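What follows is a short report on a single structure.
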Amino acid sequence: MRTIVVTGYKPIEMGIFKSNDPKIEFVKAALRKRIVNLVDDGLEWVLVSGQMGVELWAAQVVLDMKDEGYEINLGVIPPFENQDERWPEDLQLAYEEVTMTADFFQPIYNKKYEGPHQFKAKDQFLIEHSDGTLILFDEETDGSPKFYLNKVKKHQEQHDYQVLYITPMDLDDIVEELRMADPDYWSS
């Protein structure tokens, strides 16, 4: 896979209500682990729409990796302009930083929000311009990623398209790995 889409839950769907919630670091660590492995296998581009939550965190992970010398590109392709308009200020700042430093940034629609068709067009564009998807998703827990995943499954009926999952079990494994790597962190 040369190009993947990374997506998953929004913060509120994961019980995350503050931008300094420690759970975010676990999600980022899981994303990083998977993306590093994919880069080692030839991944060149990570695409996100930049929505708050997993996508914004994945973008931050990719930008950190670039700073560390990894050869990876970030494309941010939101469904419309100013998608962050109603977000909390700290998330707006994070989104602005990501969009300003991404290798590619272009909204699907060069206008403000008009309707759900813009999200559908964004999903279709991302699927058609990638070789696969890395998705943080739990089959037991519905949420916004389900709509994207349904589109992916239809696409897979006619195309060779990979779906890689980060599951709650993967997150538990990351927490355990981090705990074992730094036991002092957990006792403070």
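Right, His155: more than 25 Å from Asp67 (Cβ to Cβ), part of a loop (DSSP other than H, G, I, E, B) and either polar (S, T, N, Q) or without any contact (Cβ under 8 Å) to a residue 40 or more places away in the chain (or both) or not?
Against the criterion (more than 25 Å from Asp67 (Cβ to Cβ), part of a loop (DSSP other than H, G, I, E, B) and either polar (S, T, N, Q) or without any contact (Cβ under 8 Å) to a residue 40 or more places away in the chain (or both)), His155 does not qualify.
Can Glu25 be described as touching a Lys or Arg at 6+ places or on another chain (Cβ under 9 Å), of a type in the set (Asp, Glu) and at negative phi?
The answer is no for Glu25.
Hey, can you tell me all the residues within segment 130-149 that are part of a loop (DSSP other than H, G, I, E, B) and either within 18 Å of Thr3 (Cβ to Cβ) or open to solvent by 80 Å² or more (accessible area, probe 1.4 Å) (or both)?
Answer for segment 130-149, where residues must be part of a loop (DSSP other than H, G, I, E, B) and either within 18 Å of Thr3 (Cβ to Cβ) or open to solvent by 80 Å² or more (accessible area, probe 1.4 Å) (or both): Ser130, Asp131, Glu139, Glu140, Asp142.
Assess whether Ala58 counts as being touching a helix residue (DSSP H, G or I) at 6+ places or on another chain (Cβ under 8 Å), farther than 18 Å from Ile127 by Cβ and buried (at least 17 other Cβ atoms within 10 Å of the Cβ).
The answer is no for Ala58.
Here is a check on your reading of the model: is Pro107 surrounded by 21 or more Cβ atoms within 10 Å (Cβ to Cβ) and farther than 27 Å from Ile174 by Cα?
Considered against the rule, which asks whether it is surrounded by 21 or more Cβ atoms within 10 Å (Cβ to Cβ) and farther than 27 Å from Ile174 by Cα, Pro107 comes out as no.
Report yes if Tyr185 is at pLDDT below 90 and either in contact with a His (Cβ under 6 Å, 6 or more places away or on another chain) or not in a loop (DSSP other than H, G, I, E, B) (or both), otherwise no.
When the stated conditions are applied, Tyr185 passes them.
Consider Asp84 carefully, then state whether it is open to solvent by less than 90 Å² (accessible area, probe 1.4 Å) and more than 15 Å from Leu47 (Cα to Cα).
Yes.
Here is a list of conditions, (1) open to solvent by 30 Å² or more (accessible area, probe 1.4 Å); (2) assigned to a helix (DSSP H, G or I), and Glu71 meets all of them except one; can you say which number that is?
Condition not satisfied by Glu71: (2).
Of the numbered conditions (1) assigned to a loop (DSSP other than H, G, I, E, B); (2) in contact with a Ser or Thr (Cβ under 7 Å, 6 or more places away or on another chain); (3) free of Cβ contacts under 8 Å to residues at least 60 places away in the same chain, Leu63 fails exactly one; give the number of that condition.
(1)
Tally time: how many residues in segment 1-51 are of a type in the set (Val, Ile, Thr), part of a strand (DSSP E or B), in contact with a helix residue (DSSP H, G or I) (Cβ under 8 Å, 6 or more places away or on another chain) and over 19 Å from Gly143 (Cα atoms)?
Summing the residues that are of a type in the set (Val, Ile, Thr), part of a strand (DSSP E or B), in contact with a helix residue (DSSP H, G or I) (Cβ under 8 Å, 6 or more places away or on another chain) and over 19 Å from Gly143 (Cα atoms) in segment 1-51 gives 2.
Among the residues of segment 77-129, count how many are in contact with a Ser or Thr (Cβ under 6 Å, 6 or more places away or on another chain) and part of a helix (DSSP H, G or I).
Within segment 77-129, residues that are in contact with a Ser or Thr (Cβ under 6 Å, 6 or more places away or on another chain) and part of a helix (DSSP H, G or I) number 2.
Filter segment 158-169 down to the residues that are open to solvent by less than 50 Å² (accessible area, probe 1.4 Å), farther than 14 Å from Met1 by Cβ and not in a strand (DSSP E or B) and list them by number.
Thr167
For segment 3-47, give me each residue that is within 24 Å of Asp160 (Cβ to Cβ), of a type in the set (A, V, I, L, M, F, W, C) and out of contact with any strand residue (DSSP E or B) (no Cβ under 8 Å at 6 or more places or on another chain).
Those that are within 24 Å of Asp160 (Cβ to Cβ), of a type in the set (A, V, I, L, M, F, W, C) and out of contact with any strand residue (DSSP E or B) (no Cβ under 8 Å at 6 or more places or on another chain): Val36, Val39.
The values are calculated or read from the model by the stated rules, or taken from the named source; none is laboratory data. Note that the structure is predicted; figures quoted are calculated from it, not measured. In this analysis, Cβ positions are derived from the backbone assuming ideal geometry, glycine residues included, and neighbour counts consider all displayed protein chains. Heavy atoms of the whole protein, side chains included, go into the accessibility calculation; ligands, DNA and RNA do not. Shrake-Rupley method; radii C 1.70, N 1.55, O 1.52, S 1.80 Å.
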